[in-house]
Number of protein chains: 4
Amino acid sequence: MVIVLEKNIADKQIENIIKHLEDFGFAVHKSTGVEQIVLGAIGVKPDFDTRNVKIIDGVAEVYRITEPYKLASRSFQKENTVINIKGISIGGNEVMMIAGPCSIESEEQIFTLAEIVSKSGAKILRGGAFKPRTSPYAFQGMGEEGLKLIRKAADAYHLLVITEVMEIAQIDLIGKYTDIYQIGARNMQNFSLLKELGKTNIPIMLKRGLSATIEEWLMSAEYILSNGNKEIMLCERGIRTFETATRNTFDLSAIPVLQKKSHLPVAADPSHATGLRDKVLPMARAAVAAGADALMVEVHHQPEKALSDGPQALLPEQFMELMKQIRLIAEVIGRKIA
Amino acid sequence: MVIVLEKNIADKQIENIIKHLEDFGFAVHKSTGVEQIVLGAIGVKPDFDTRNVKIIDGVAEVYRITEPYKLASRSFQKENTVINIKGISIGGNEVMMIAGPCSIESEEQIFTLAEIVSKSGAKILRGGAFKPRTSPYAFQGMGEEGLKLIRKAADAYHLLVITEVMEIAQIDLIGKYTDIYQIGARNMQNFSLLKELGKTNIPIMLKRGLSATIEEWLMSAEYILSNGNKEIMLCERGIRTFETATRNTFDLSAIPVLQKKSHLPVAADPSHATGLRDKVLPMARAAVAAGADALMVEVHHQPEKALSDGPQALLPEQFMELMKQIRLIAEVIGRKIA
Amino acid sequence: MVIVLEKNIADKQIENIIKHLEDFGFAVHKSTGVEQIVLGAIGVKPDFDTRNVKIIDGVAEVYRITEPYKLASRSFQKENTVINIKGISIGGNEVMMIAGPCSIESEEQIFTLAEIVSKSGAKILRGGAFKPRTSPYAFQGMGEEGLKLIRKAADAYHLLVITEVMEIAQIDLIGKYTDIYQIGARNMQNFSLLKELGKTNIPIMLKRGLSATIEEWLMSAEYILSNGNKEIMLCERGIRTFETATRNTFDLSAIPVLQKKSHLPVAADPSHATGLRDKVLPMARAAVAAGADALMVEVHHQPEKALSDGPQALLPEQFMELMKQIRLIAEVIGRKIA
Amino acid sequence: MVIVLEKNIADKQIENIIKHLEDFGFAVHKSTGVEQIVLGAIGVKPDFDTRNVKIIDGVAEVYRITEPYKLASRSFQKENTVINIKGISIGGNEVMMIAGPCSIESEEQIFTLAEIVSKSGAKILRGGAFKPRTSPYAFQGMGEEGLKLIRKAADAYHLLVITEVMEIAQIDLIGKYTDIYQIGARNMQNFSLLKELGKTNIPIMLKRGLSATIEEWLMSAEYILSNGNKEIMLCERGIRTFETATRNTFDLSAIPVLQKKSHLPVAADPSHATGLRDKVLPMARAAVAAGADALMVEVHHQPEKALSDGPQALLPEQFMELMKQIRLIAEVIGRKIA
C-alpha cells in the first residue's frame, strides 16, 4: 500500500499516521520528495480496506499495490488454464462454439436445435431449465424435466451440455445432467452460490455482472478457485451503460484485458450483449477477432414462438452463416473453431 | 403496446404485422397519421417481450404501455403501505432511524452500540451476521452466534433488529432472531431468494442493486409481493456510475420518483452510498430533505478496529449530531424522526 | 508518481525502468518490500501522462500522487473563495438563489418573471439568449435582443444577471449585459472557450459536464483560473447514468466532495438534474441540506407555452413555497438564503 | 406522439388533455383499450418536447414516434453516403485506413510517419495541430506551423490529411491545409461549431461524445447536414462507463446499429477507445469484423518521446502487422482495405 501525505503536514501528524499503520500490522517506509511525503506500507492482507487509512488526518491518497485476487491472476499462473471435458478443450488454440436456445421448451424443440447446432460444428449445447426472469409473471423454465431433455438431446448428437444454476439447492440436481454449470450475470456476486460451486468438480462458466468491473469479476472467480474448483471460464455478455440502442454494451476490450491479467479462458455472448438478432453476426465476428476463446449464441428454429429471448435468437440458416464466417476469422489469427 | 410502422410501408407488410400480433393474442387497432401508421395492440400479458414485435419487418418502434409491475404500483394501491412492527411504523409520518455497525463483532461491541443507538433515539438496530464480501479472504460474519448477540442487545435496549439474509438456507435461522430481513444490493435480482422471502411474514428491506433501474427494483419487489409478503420497504444505497470520488453515486431523486410510482416506503443509506464517514452527515440531511421514510446509517465506537466498512461508520458523537440535525430537517417538511 | 513493479522481476528490467524514468526527468527512489518492489518518482510535471510508464515492460501499476490541478485545490488556497458582485456574495455563509426562465422569450415574460423572482427573495435572474439545443430545429434563443431584455428586467428589480455563453465570438457581446457568465454542461471541456473566459474579469458559473468526473471538472476550472479569472462557482446539474426515470442523476454527494477538495463555491441545479417540475422541490431541499452554496432553478408563469424546458419550470406559487422551505433548511445548518 | 392515459381517468380529464394537445397544434385520435386509453397525436414538429405532455394531469406515459433527426436517417436516404476525396472513397466497399501521430511534433516526425503510413498502404494521414487537453499545462499543439508540416508530408507521400478543428476561428485556417475536418469527442455538442462547419464544403469526421447516445450523435450530424454539408463520417471512439481497465469502453455494437439507422459511413478508433497500445491490434481487428467503414489508429516511431498520447500509439512494425491482419479480416466479409 502506498500512502501519499498532504502537503505541509506537521511531523507529529506523520508520526500519528505511521503509528496507525503499524497498529494495522504494516512495516512502514518513508520517502521524502520535493513537494510531498510518500509512505510505503508492506505486509498487508489482500482484504485490507484501504479506506481505513484514507480517513486518517493528513492522508491525501492511498493506493493498494497488490491485486486483490491471487489464484485468478496471471502472475500466480503463467500458462493458460485449459479446461478439458470428454475430449473437448476450452482455452487452448481452438475457439469453442456453444449454441442452443435460451430455454428448453419441449423434446421436439431441443432435439431439433441439438441437430442444427451439431451439424454446424458446435460442440456444446446450451439451454436453460431454471430461468432468472426480471418479471415474476414470466416463464420460469421446465425444471428437471428440461434437464433430462437437454441431456438426452446432447447425447444423441454427441454434444456437451451447459445450463444455468440459480441457487444452492439446484447444484446436485443440475450436476447430474450438465457438463458445465453456468452462473448468470445476476448471480456473479451471489457469494454463497460461488462458494458451493467451488466445492464441486464440474467446470463453470462465470458470466460478468451487469455492472461488475473486471477486477470484481476476477474476485468472484477467486471465490470459486479458493474453494477448490479450478476449471472456470469467464463470459463477457455486455455491461450496463447509458446507451439503450442495444440491450447492453458489449465490452469486447475486456477480452484482451482479461487475457493479460488472468490465465482463465474468456468466452463472449453476443446474443445477450446486443439483444437483437441482426446484431449477433457482426458482433460474433468481432468477438472472435478480439481473441475470444469461446462463443455462446442463442439459436431457435421458431424464435417467434420461443418462451424467452426469441428476438435475440438466430435462425438456423443465420447460425450456419455465422459458423462459416467465424471459421475464416479464426484462421486469420491462427486459431480454429471447434 | 403501441407499434409505430416504418414510413412508406407496403399494405401487405402491414397485414403481415397485424397477423403476427393477432397470433400473439392481441386485439389490434390501426391509426393512420400524416407520415406514419401506428398500431395499438391490446390484451398483452405483462411479461410479453416487446422485442418479439420489434424484429418484424416494417416495424420502426415498439412501446409497452403498461408498467411491468402491478402489486407494487401506486395505481394498484393508492394509499401508502405502512409497515407496523411491535408498535413502530415505517411509511407513515415518522421518519424511522436505523443504525448500528456493519458487522456484529462481539457482545461488548453490539451492546455498546445498541446503547448509543437507543440513547440517540433510533428504534432499529442493524448489524450483519452473514456478510457478502467481494473478497473470499475477507471477514464473512459471526453467523448464528452474531444473530443471538444482536437479538439480546436489541431486546436489552428495546430496539428492533434488521439483519441481512444472503441465501435461502438462512431464512429460517435468521427469522428466529430478526424483525426485518435485509436483502442486499447484490441479491436484488436473486429471484430464488426473493420468492422464498415472499412466502415469509417478516417485513423486508429490499436494497437497490448497483446497476438496477427503478423499474427493475420494483419488479424485484413484485416477486416478493406476488408470493404473499406485503411488508416491503425499498432502500436507495447508491448506484454505480463513472464517478469514483464516492464509493457509489447516491441517487436521491429516486426517493420522490418511487413515492410517485409506488406505495412502498423508501429508505436511504448514506453510509454505503458515499463510503466515507465525513460525507454521511450532509447526505443523511439531504435524504431526509428529499423525503426518505427511513434512514440507515452505520455507527461504530471503534471504527478503526471494525472488521468491515469501518471507514464509513460514524463515531457515536457524530451520530448524535446527525440525529439532532435531521430532527430539525424533518420538521421543515412536517415530519418527525422516530 | 509511484510505480509498482511486477513480482519476480529481473534486475536488468528494473534498471531499464529506472533509466526510462530518469530520461523523463524524474529522481527515482527504490523501496523493496516482501513481495514487490515499489519505485517513487519525484519531479513530475502535473501533465505527465502516467501511461508512458505503465507500458514499460515489468511495470504492474502506476499511480500519480499529485492532483493534476493546482489553483483550484484546497491545498493551494485554504479559505473559501467568496465571489462579490455589486454587494452580493457567493460562497460565504448565505445560500444564493438564482432563478428565472430557461430562455428569454419576450419583454412581458422576462419582466413578469423578474418580479416573481425578486419578490420571493432571489437575488440573481437567469435566462438564456443563446441556447444550446440537441436539435437544430429547436428554438435557438433571442440573441442580443434577449440580452437587452434580461438586463432591463434585472435592473428594474435590482437583480443580477446570469446568462450562458456558447462561443468565443459571444464573449464581448454578452459581457456588456451580464454579471455572471454561465458555461453549459456541453461546453465544460470546450477548452478554447474556457481560456478566453479566463481572460475576462466577469465571474463564471461552470456547469459540470454530463459525464465529467469531479477531477476533470476541477481541471476545467483550472483552465479558467490559470488564465487569470479567479471568480468561479461550480454547478452540479446531474450526470448521465443508466437510470432514465429522471433526465439525469443528481450527484449531490459532489457538493461535500468538492468542498473538501477545492475552495470554489458549489451551486446545484435541480431543474436540469431531474427534468421534471414535481421533483424540483424535494431535490432543492436536498441540495441545500447537502451544503450547496447556491441554487439555480427554472421558473415560468406559463410553462406550457415556454419555448424550451417548460416541463421542468416551477410555477410561481411552487417557487414561493420552495423559497419558504429552503429558508428553514438553511437555518438548520446555520446558513441563510440570500 | 403516443400518449398513454392513467387507468380510471375521469372523462373531464381526458377532455382537458385533448384540449392541451390541440392547443399545441396536434390532431388527436383516441383509442380505448380494455384497461387503458391511448391517444395518438399527429402533426408534431420534430423538436417538440414531449415532457410538455408528460406533466399534464392524467398522463401516464408519452412516446415520441418519429426519430428526432431526418437528414441523417436511413429512411430519408436509402443508399449509403459515399464520400469522395481526390479519388479516394469512404463508405463504399473499401475499408479506409487513417493513421498517424496524435500530435504533429516536428518536420522529421511527421515525414517519418507519413512514409510509414503510406508504405503500409493507408491513404489518410492524421495529426493534430490544435489539441484539446484536459490539463491547461499540457502540450497544446504546434498550431499553423503544424498544419503546414502535415500538408507537406501528406503531399510528399500522396496521402490525404485529417486534423482536428476546435473552434470557429480555426475553420478557415485549417480549411487551407486539410482534406477532412475532425470534430473531437468533447466538441460533439459544440453546436456553434457544428453549424459553422456545416456551411463549409470540406468533409467531416464527427467523433462520438464520451457520454453521447447514438441518437444524440445523429442529432449532431443533423446540425451539420441541415447547414448544407452532406459529407460526414461518424467515428466511434469509446464511451464513458464505470469500467476503468481501459480508458473508455469501445462500443463496437454502435457500428451495426448506426448502419441500420443512418446512411453515413462509420469509422472506429481503437487507440482512443482502449488507451493502451497492446489492446489496439485485437480491437482494430474486431472493429473491421464488426463492419467499420474506416479505421483510425495512432502510430509513432518514438512513442516514449511523443508529446501526447504516446502510450496508445502503435510502433511502426505493430502497425504493419495490424494492416496485414485487417486485410484478411476485411476479405472474410467481402471488403478490401484501402
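Reachable aspartates and glutamates from B:Lys119, Cα under 17 Å, same-chain residues fewer than 8 places away excluded? Hits, sequence-local ones excluded: B:Glu108, B:Asp155, B:Glu298, B:Glu317, B:Glu321. Listed by Cβ neighbour count within 10 Å, with the fewest neighbours leading, B:Val332, C:Val95 appear as B:Val332, C:Val95. From least to most packed, judged by other beta carbons within 10 angstrom and beginning with the fewest, C:Lys86, D:Lys19, D:Lys131 follow the order C:Lys86, D:Lys19, D:Lys131.
Give me Rg/Rg_expected for region C:190-285, where Rg uses Cα atoms only and Rg_expected = 2.2 N^0.38 Å with N residues. Display every interim value, and only then the final one.
On the way: Rg = 13.9 Å, N = 96, 2.2 N^0.38 = 12.5 Å.
Cα-based Rg divided by the globular estimate yields 1.12.
Listed from fewest to most Cβ neighbours within 10 Å, the set C:Ser103, C:Ser120, A:Ser308 follows the order C:Ser120, A:Ser308, C:Ser103. The C-alpha atoms of chain D define a longest principal axis, and helix D:11-23 lies at about 50 degrees to it. Taking chymotrypsin sites (Phe, Trp or Tyr not before Pro) across region D:43-125, the ones in a DSSP loop with at most 14 further Cβ atoms lying within 10 angstrom of their Cβ are D:Phe76. Each distinct pair of alpha carbons in region C:2-63 adds a 1/r term; the inverse of their mean, the Kirkwood radius, is 11.6 Å.
What is the protein assembly as shown by shape, rounded, prolate or oblate, if you read a ≥ b ≥ c off the alpha carbon gyration tensor as root eigenvalues and call it rounded for a/c under 1.5, prolate for a/b larger than b/c, and oblate otherwise? In terms of gyration-tensor shape, rounded. Between the residues C:Ser226, C:Ser103, C:Ile180, the greatest Cα displacement towards the positive end of the dipole of region C:83-337, with unit charges on the Cβ of Lys, Arg, Asp and Glu, is found for C:Ser226. Considering only the protein assembly as shown, what is the antiparallel percent among its DSSP beta bridges, to the nearest 5? That works out to approximately 40 percent antiparallel.
Once the chain from D:Lys86 to D:Gln13 is taken as fully extended at 0.36 nm per residue, the excess over their C-alpha distance is 20.0 nm.
Region B:83-337 gives an Rg/Rh value of 0.92, both radii derived from C-alpha positions and Rh following Kirkwood. Straight Cα distances below 17 angstrom link B:Lys199 to the lysines B:Lys176, B:Lys230, with same-chain residues fewer than 8 positions distant left out. For region C:165-175, 3J(HN,Hα) computed residue by residue from phi via the Karplus equation (6.51, -1.76, 1.60; θ = phi - 60°) reads 10, 9, 8, 4, 5, 8, 4, 5, 4, 5, x Hz, glycine and proline entered as x.
Which semi-axes, in whole Å and largest first, does the equivalent ellipsoid of region A:64-130 have when worked out from the alpha carbon gyration tensor as the square roots of 5 times its eigenvalues?
Working: eigenvalues 238, 52, 13 Å².
In descending order, the three semi-axes are 35, 16, 8 Å.
FRET efficiency for the B:Glu22 to B:Asp278 pair, using the beta carbon distance and R₀ = 45 Å, is estimated at 0.15.
Dipole magnitude of region D:1-145 about its Cα centre, charges +1 at Lys/Arg Cβ and -1 at Asp/Glu Cβ only, in debye to the nearest 20? Please report the intermediate quantities before stating the final value.
Numbers: 17 positive and 19 negative charges, 56 e Å.
So the magnitude is around 280 debye.
Helix D:277-290 axis versus longest C-alpha principal axis of chain D: approximately 50°, rounded to the nearest ten. Label-to-label distance, D:Lys54 versus A:Gln77, with points set 7 angstrom from Cα along the beta-carbon direction: 4.9 nm. Gap in Å between the Cα centre of region D:172-246 and the Cα centre of region B:235-285? Centre-to-centre distance over Cα atoms comes out at 36 Å. The relative contact order of chain A comes to 16 percent, based on Cα pairs under 8 Å that sit 6 or more residues apart. Counting only alpha carbon atoms, the long axis of helix B:214-225 and the longest principal axis of chain B meet at about 80°.
Legend: calculated FRET efficiency, D:Ile202 to A:Glu145, from the Cβ-Cβ distance at R0 = 51 Å, rounded to 0.05, equals 0.20. For B:Leu328, inter-copy separations between label points set 7 Å beyond Cα along the Cβ vector come to 1.4, 7.2, 7.3 nm, shortest first. Between copies, D:Glu145 shows label-point distances of 4.7, 7.3, 8.0 nm, shortest first, with the point placed 7 angstrom from Cα along Cα to C-beta. Projecting the Cα atoms of D:Ala129, D:Gly334, D:Leu39 onto the charge dipole of chain D, computed from C-beta unit charges around the Cα centre, puts D:Gly334 farthest toward the positive end.
The trypsin sites (Lys or Arg not before Pro) found in region C:147-224 that occupy coil by DSSP, while having at most 14 further C-beta atoms within 10 Å, are C:Lys176, C:Lys199. Take the cross-link list A:Lys30/C:Lys12; D:Lys131/D:Lys324; A:Lys195/B:Lys148; A:Lys261/A:Lys324; A:Lys131/B:Lys78; B:Lys7/D:Lys261 and give me the ones stretching past 21 Å between alpha-carbons. Beyond 21 Å: A:Lys30/C:Lys12; D:Lys131/D:Lys324; A:Lys195/B:Lys148; A:Lys261/A:Lys324; A:Lys131/B:Lys78. Here the dipole of region C:83-337 is about 380 debye; that uses its Cα centre as origin and unit charges on the Cβ of Lys and Arg (positive) and Asp and Glu (negative).
Does region C:1-110 classify as rounded, prolate or oblate by the C-alpha gyration tensor (a ≥ b ≥ c root eigenvalues; a/c under 1.5 gives rounded; else a/b over b/c gives prolate, otherwise oblate)?
Prolate, since a/c reaches 1.5 and a/b exceeds b/c.
Every number in this text was worked out from the coordinates using simple rules, so none of it is lab data. Keep in mind that what you see is a predicted model, and the values were worked out from it rather than measured. Counting neighbours? That spans all protein chains shown, and the Cβs are built from the backbone with ideal geometry, glycine included.
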